[in-house]
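The values are calculated or read from the model by the stated rules, or taken from the named source; none is laboratory data. This one's a predicted model, so the numbers in the text were calculated from it and none came from an experiment. All Cβ positions, even for glycine, are placed from backbone atoms using ideal geometry, and neighbour counts span all protein chains on display. Each accessible area value is taken on the protein alone, full model and side chains, heavy atoms only, with ligands, DNA and RNA left out. Shrake-Rupley method; radii C 1.70, N 1.55, O 1.52, S 1.80 Å.
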Amino acid sequence: MSDNQNLLAGQRRALILDEVRRRGGVRVSELTRMLRVSDMTVRRDLDALARQGMLEKVHGGAVPVPEGRTHEPGFEAKSALETSAKYAIARSAAGFAAPGGAVALSGGTTTYAVAQQLVEVPELTVVTNSVRVADVFHTAPRPAEGGAGRPATVVLTGGVRTPSDALVGPVADAAIAALHFDVLFLGVHGLSEEAGLSTPNLAEAETNRHFIRSARRVVVVADHTKWGVTGLSSFASLEQVDVLVTDSGLEPEARRVLADRVTELVIADEED
């Protein structure tokens, strides 16, 4: 069998992980048929996902890793998941930032994707507790001499670094509490009807509360796999969300619940 060249490794592994979580386990033979790749390719993908702690290999296939409410995957492990959805979400969300505005971005791989879109918005002041997000603006090409607008001014909070490369704790909280943002772009670990917005990291939950209190408008960016996930600590209700930008993979019942609870629900189109 010749491998399907239309899928990148990250896309393939995201599909595998989604299938494992959805079905509670899957066989190698089923994955080779679904993805139209070789047995060896699937086994390499399973090895890579197992090393990242995203699934557990068993004889002939793989099963999900039981994740407690305190489990916090690292940035690299999360960055390979739902990549096309995150890109679509980021493009839609970036439209809520106006030139010359003050915006904040929390840590996370989806807010990282939003940052990559915001480098095109002139004269922003950006406050973030994400080392990765700050690097996006730091490495962005500078406008040519005499070009329109100036590059973003970036404020990186101090704090203690989490596995997601977010800075949290009293230093970060104090910096955020003293500022005011037009828009907050907020990533989440989980969304649910009962628990609202949640994270497995207690310190990150408190930092996110400060972000929300300092923002005039809260834009949550979360792909469909975050729905129904509950972390250890809730930090906001669904009613505190002004805009939720998600992807078309969100099921109809979840859309109904969210449309009733958040002010505005935006479904990003991955085909744009």
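Please work out which residue is farthest from Val245 (Cα to Cα), limiting yourself to segment 201-220 and to residues that are open to solvent by 10 Å² or more (accessible area, probe 1.4 Å) and not in a helix (DSSP H, G or I).
Only one residue tops the list, namely Asn201.
Report the residue count in segment 177-194 for those that are farther than 20 Å from Gly100 by Cα and either open to solvent by 20 Å² or more (accessible area, probe 1.4 Å) or under 15 Å from the mean Cα position of the chain (by Cα) (or both).
Our first condition is that a residue be farther than 20 Å from Gly100 by Cα; within segment 177-194, this holds for 177, 187-194.
Cutting the leftovers down to either open to solvent by 20 Å² or more (accessible area, probe 1.4 Å) or under 15 Å from the mean Cα position of the chain (by Cα) (or both) gives us 177, 187-191, 193-194.
Count: 8.
Just name the residue that is farthest from Leu55 (Cα to Cα) out of those in segment 16-34 that are buried (at least 20 other Cβ atoms within 10 Å of the Cβ) and not β-branched (Val, Ile, Thr).
Result: Leu31.
Considering only residues of segment 146-176 that are in a loop (DSSP other than H, G, I, E, B) and more than 22 Å from the chain's Cα centre (by Cα), which is modelled with the highest pLDDT?
Pro151
Under 8 Å by Cβ, and 6 or more places apart or on different chains, what pairs join a residue from segment 122-151 that is within 22 Å of Thr162 (Cα to Cα) and open to solvent by 20 Å² or more (accessible area, probe 1.4 Å) with one that is of a type in the set (A, V, I, L, M, F, W, C) and modelled with pLDDT under 75?
That search, which allows pairs on different chains as well, returns Arg132/Phe75.
Test Arg91 against the stated conditions and say whether it is at pLDDT 95 or above and surrounded by fewer than 21 Cβ atoms within 10 Å (Cβ to Cβ).
yes
Looking for something closer than 28 Å to Ala88 by Cβ, among the hydroxyl-bearing types (Ser, Thr, Tyr) and outside any helix (DSSP H, G or I) - is there at least one such residue anywhere in segment 135-144?
no
Quick one: in segment 229-254, which of the residues that are at pLDDT 95 or above and of a type in the set (D, E, K, R) is most open to solvent (accessible area, probe 1.4 Å)?
Filtering first and then ranking leaves Glu239.
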